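Written out below as structure tokens is the structure these notes cover.
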Amino acid sequence: MKLLRPLLSVALAIAVLVPAVAQAATPMQGVPTQIRRGFFTETDLGAFFTMGGNGKSPSDAQVYFHLGAGYDLYAQGDHLFSLGAGYAIGTSAGSCFGDLYNEAAAVPCQDSTIDPETGAATVLSNNWSAHLIEASALYGYQVAPRLMLTGRLLGGVGFLEPVAFAGKDGPVPLVGAGLGAEWATQFDHFSLGLDIAGRMFLGTEAMGLSVAPRVKYTF
């Protein structure tokens, strides 16, 4: 009986508070949900491929995944300016960025640069993954209620494995730009979007492209 009373008290409190909280979070009928601005997190899941290589250009499309966070610095009228940073991973499949490519050879992708350890042509991979650390600046313009078109500039570094570019064993700097759209849904805090971005791996002829739907949560 002593245990039953606290349990009943908790159950009663939940029964009273849950409807009240739900009512507070639910907009009145006919009133649009407020578009939130400020600190946000976002995730993208789409496709990644590269251009500029031998063999396949563009390469075979592979999975692209991105996690990021940022802050809306300016949001007035139809204009939005945000800064963000994130981590992404994309894979290039079937595209060689060496100047010696022979699809029928046992080692199809090589570069004429001499490997000091072997004294032979540098062996490269035509299938590689890029781990990307990026910062970006985004500008958005509202073209219809709750719908924005966006453009952004980005820069960062890519960590490639295995080695895909001759003389590029470490991080490869990159710069890029992207276009997209963002729709503020009627679900509080949530926006949906589409992002298309291109990245140049500096010092190489490779350009990585990503096309991905985006889910954004603004606190």
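The values are calculated or read from the model by the stated rules, or taken from the named source; none is laboratory data. Everything numeric in this text was worked out from a predicted model, so none of it was measured. No Cβ is skipped: glycine too gets one built from the backbone with ideal geometry, and neighbour counts run over all protein chains shown. In case anyone asks, the SASA skips ligands and DNA or RNA and just uses the protein heavy atoms, side chains included. Shrake-Rupley method; radii C 1.70, N 1.55, O 1.52, S 1.80 Å.
Taking the inverse of the mean reciprocal distance over all distinct Cα pairs, the Kirkwood hydrodynamic radius of segment 83-184 comes to 16.0 Å. Computed on the chain, the Cα convex hull volume stands at 187 Å³ per residue. If R₀ is 35 angstrom, what is the calculated FRET efficiency for the pair LEU149 and ASN127, using the beta carbon separation as r and rounding to 0.05? Efficiency at R0 = 35 Å is approximately 0.50.
Each residue of segment 102-115 is assigned a 3J(HN,Hα), and the resulting list reads 9, 4, 7, 6, 5, 10, x, 10, 9, 10, 5, 4, 7, 7 Hz, derived from the Karplus form 6.51 cos²θ - 1.76 cosθ + 1.60 (θ = phi - 60°), x at Gly and Pro. Counting only protein heavy atoms and a probe of 1.4 Å, the accessible surface of the chain is 67% carbon and sulfur.
For the chain, the solvent-accessible area of protein heavy atoms averages 57 Å² per residue (probe radius 1.4 Å; ligands and nucleic acids excluded). 3J(HN,Hα) along segment 134-150: 9, 10, 8, 10, 10, 10, x, 10, 6, 9, 7, x, 6, 10, 10, 9, 10 Hz, from the Karplus curve 6.51 cos²θ - 1.76 cosθ + 1.60 with θ = phi - 60°, whole Hz, x for Gly and Pro.
Here's how it looks for ARG214: its modeled amide H is under 5 Å from those of GLY193, LEU194, ASP195, which are all 5 or more places away or on a different chain. When the chymotrypsin sites (Phe, Trp or Tyr not before Pro) in segment 111-213 are filtered for DSSP coil states and for at most 15 other beta-carbon atoms within 10 Å of their beta-carbon, the remaining sites are PHE187.
Can you tell me the 0 to 90 degree angle between the C-alpha axis of helix 4-25 and the longest principal axis of the chain, rounded to 10? With rounding to tens, the tilt is 70 degrees. Dipole magnitude for the chain: about 1280 debye, using +1 per Lys or Arg Cβ and -1 per Asp or Glu Cβ, origin at the Cα centre.
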